[in-house]
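Chemist: Below is the structure I would like to discuss, written out as structure tokens.
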Amino acid sequence: MLPSLFTALLLSLGCIDEPIDGFPGVVVTSAFAHDAGCVLSHYTVDGKKYEDFTHVLPALTKAGWADRKKRTAIALTWMQAVSEENLENLKAKLEDDGGVRLDATYKPRSGMRERPPEERAVLKVRISPDGVLGPVKDAK
């Protein structure tokens, strides 16, 4: 049976289930939004569904998060896989407490309005040692 035109479109956009290299048993699912394209829906780990992308320890654990030496590589791979933006200059730094800070720039999605082609935004996030993804709290 041939897929419907809609299903073919979603597959061409990558809006279905995507496994992440290096994360065995982890699948990220996106959904199609008419004004934004593919947007994150949820991730599964060994078939268990997680809708909260700020608590990612179950996925990180599958990639070997317990080994501090692997954390920067794991964090980089995770962010590239789940980011809804095209991240540029993505860098990761292991912090003293075992968390990982990630910094990048990206071109914001235009959505329903025009944006200058040179416009860039800054991403500064941190994955804590216990797998919580959140904004960086820079010292003043």
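Every number here is computed from the coordinates shown, using simple stated rules; none is lab data. Given the structure is predicted, the values throughout are model-derived calculations rather than measurements. Backbone-built Cβ (ideal geometry, glycine too); neighbour counts: all protein chains shown.
Chemist: Taking LYS70 as the anchor, which lysines have their alpha carbon closer than 21 Å to its alpha carbon, excluding any fewer than eight residues away along the same chain?
Modeler: Result set, ordered by chain and number: LYS62, LYS91, LYS93, LYS124.
Chemist: Would you please put 38-48, 71-81 in order of how densely packed they are, using the mean number of other Cβ atoms within 10 angstrom per residue and starting with the highest?
Modeler: 71-81, 38-48
Chemist: Given labels modelled 7 Å from the Cα in the Cβ direction, how far is it in nm from LYS124 to ASP96?
Modeler: Reported label-point gap for LYS124 and ASP96 is 1.9 nm.
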